[in-house]
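Structure first, then comments.
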Amino acid sequence: MPQLSERVISITGTDGDGWEIFNLAREMKINGAEIIELTIGEHDDTTHSLILDAMHKSAREGNTGYASVPGTKSLRQEVANRVQTRTGIHTTANNVIITPGGQAGLFATHVALANQGDTGLIIDPFYATYPTTLRSAGLSPRMVKTMPEDNFIPSVSELTKNAKNAKTLLINSPNNPTGTVYDKSNLFEISKVAIENDLWVISDEVYDTQVWVGEHISIRSVANMENRTAVIGSMSKSHAMTGSRLGWVVAPEQVIEKLSDLACNTNYGVPGFIQDAGLYALTQMPNIEKTVAEPFSRRREIAQKIIKDYPDIKMHPSLGGMYLMLDIRETGLNGIEFSKALLEAKNIAVMPGESFGESSAGHIRVAMTISDDKFEYATHSICSFASNFTTSTN
Ligand code: PMP
């Protein structure tokens, strides 16, 4: 067989892909074990039946051919309205391209905004695919470290130190995996560094409807940022539509034109019946985002109540998103050792903090994606497992 390209060979790098515990749990499941999976960001509820009805109706009406590549005019316009209403920044359909999920938007914006070999900054901890997405797009990722003690908010000094010769900065608020939500002053500081170093900011806001404390603020609305920001949006998390692959990028018109060229020559956009279903959900279902978000808010409160009784395990504020970041350093184990031991002893699968970068070593990420009673049971089990371990190692 001839050689594969350097690009695909180097996508995953040498440091594993962080999914080892997840894969192990799936293997145990196949072999008959009953596993409580708190690993991936997949809702325990499926897409609402009214959205599926809209999808079906559109397809039955003949909308099964190639759809317009940057997206249907009506959906682009609705996304523009939504963004303008929520941010106050003038936004038109020409600032929007519809993409096959946020993931495709992340890849495409990096291709469009950086050259082969350019450095792209990522805030550590990061969503596990970020380094590999950047490598797939031809960039060289550089991590900006954060501290658990600062709630994983990047400091100006760390950002500035790393910004030299970089081309892009990828941020994510509300954050996966930490639940951190950047406030106005955090975003102002990030924007200052971006402007001083002439960086593009790619702002992944796919969890924008899941904020438990405070509010979601888009960096595109910070002064002088509109023309150097591309916002990634998606209906995966907000509308429990992960399988529909429906997202968007909001950016300056010139960027959208080039993203459209790129889409024309790569994925050819999103099926029309999926776009119609998305439009239906955005225009006809005013309460759906709240309904989809509510279980995570409730489960976060359940966990808070349980965890406060265990001094050896700490929960980061988790101000938004579907996950909890738990500090288990008091056990003397790192996140990988803890997750492996937990899986073996209790049949509970969580993600080690190390899967998301060095800054979250000694932590575990818990997805709040199972029913309340199971979640309560699992949280108790994780906490008592951690405290037994602490007692036996001290
Ligand atoms: N960004 C973040 C931070 C995510 O957690 C995810 C999915 N887990 C995505 C982007 C991609 O989402 P999608 O492609 O389904 O829109």
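Some notes on this structure:
- Residue-averaged [θ]222 nm for the chain, counting only DSSP H segments that reach four residues, each worth -39500 (n - 2.57): -13000 deg cm²/dmol
- Listed by chain and number, the lysines whose C-alpha is less than 18 Å from the C-alpha of K346, apart from same-chain residues fewer than 8 away, are K29, K374.
- Think of the range 49-284 as a dipole: +1 on every Lys or Arg Cβ, -1 on every Asp or Glu Cβ, centred on the Cα centre; then among M225, S157, Q275, Q275 lies furthest on the positive end.
- Accessible area, probe 1.4 Å, largest first, for residues Y323, Y127: Y127, Y323
- Linear extension gain, Y66 paired with S384, 0.36 nm per residue minus alpha-carbon span: 109.1 nm
- Take every Cα pair under 8 Å whose residues are at least 6 apart in sequence, average their separation, divide by the length of the chain, and the relative contact order is 23 percent.
- Beta bridges assigned by DSSP with both partners in the chain are antiparallel in approximately 45 percent of cases.
- Å² of accessible area per residue within the chain, as computed with a 1.4 Å probe and no ligands counted: 44
- Debye equation applied to the C-alpha atoms of the chain, log10 I(q)/I(0) at 0.07, 0.09, 0.13 Å⁻¹: -0.32, -0.54, -1.13
- Surface share of carbon and sulfur [accessible, 1.4 angstrom probe, percent] for the range 266-360: 50
- Net charge, G278 excluded, C-beta distance under 15 Å - Lys, Arg +1, Asp, Glu -1: +2
- For T229, residues with placed amide H under 5 Å, excluding near neighbours: V201
- Lys/Arg +1, Asp/Glu -1 at C-beta; the chain dipole; positive extreme among Q210, Y323, P100: P100
- All C-alpha pair distances within the range 3-132, sorted into 10 Å bins from zero, spread as 8, 22, 30, 27, 11, 0 percent across the bins.
- N265/T160 FRET efficiency (R0 30 Å; Cβ-Cβ; nearest 0.05): 0.25
- Protein heavy-atom surface of the range 1-90, 1.4 angstrom probe: 53% of the accessible area is carbon and sulfur, with nucleic acids and ligands not counted.
- Taking the Cα centre of the chain as reference, the dipole from Cβ charges on Lys and Arg (+1) and Asp and Glu (-1) amounts to some 600 debye.
- Comparing Cα centroids, the range 270-292 and the range 29-56 end up 18 angstrom apart.
- Exposure check, 1.4 Å probe, all protein chains in place: R228 carries approximately 50 Å² of accessible surface.
- FRET efficiency for the pair A345 and T46, taken as 1/(1 + (r/R0)^6) with r the Cβ-Cβ distance and R0 = 35 Å, rounds to 0.65.
- Gain in span if fully extended, V8 to S140, counting 0.36 nm per residue against the direct Cα distance: 46.2 nm
- Whole-Å distance, taken between Cα centres, linking the range 67-143 and the range 205-241: 11
- Only the Cβ atoms of Lys and Arg (+1) and of Asp and Glu (-1) were treated as charged; on that basis the dipole of the range 260-394 about its Cα centre amounts to roughly 240 debye.
- Anchor K164: lysines whose Cα lies under 30 Å away (excluding residues fewer than 8 positions away in-chain): K145, K184, K192, K258
- Assigned charges on the beta-carbon of Lys, Arg, Asp, Glu; the range 49-284 dipole about Cα centre (debye): 300
- Linear extension gain, N23 paired with E196, 0.36 nm per residue minus alpha-carbon span: 58.0 nm
- Rounded to 5, the percent of DSSP beta bridges in the range 49-284 classed as antiparallel: 30
The values are calculated or read from the model by the stated rules, or taken from the named source; none is laboratory data. Predicted, not measured: the structure shown is a model, and the values here were computed from it. All Cβ positions, even for glycine, are placed from backbone atoms using ideal geometry, and neighbour counts span all protein chains on display. Areas reflect the complete protein model, heavy atoms only, side chains present, ligands, DNA and RNA absent. Shrake-Rupley method; radii C 1.70, N 1.55, O 1.52, S 1.80 Å.
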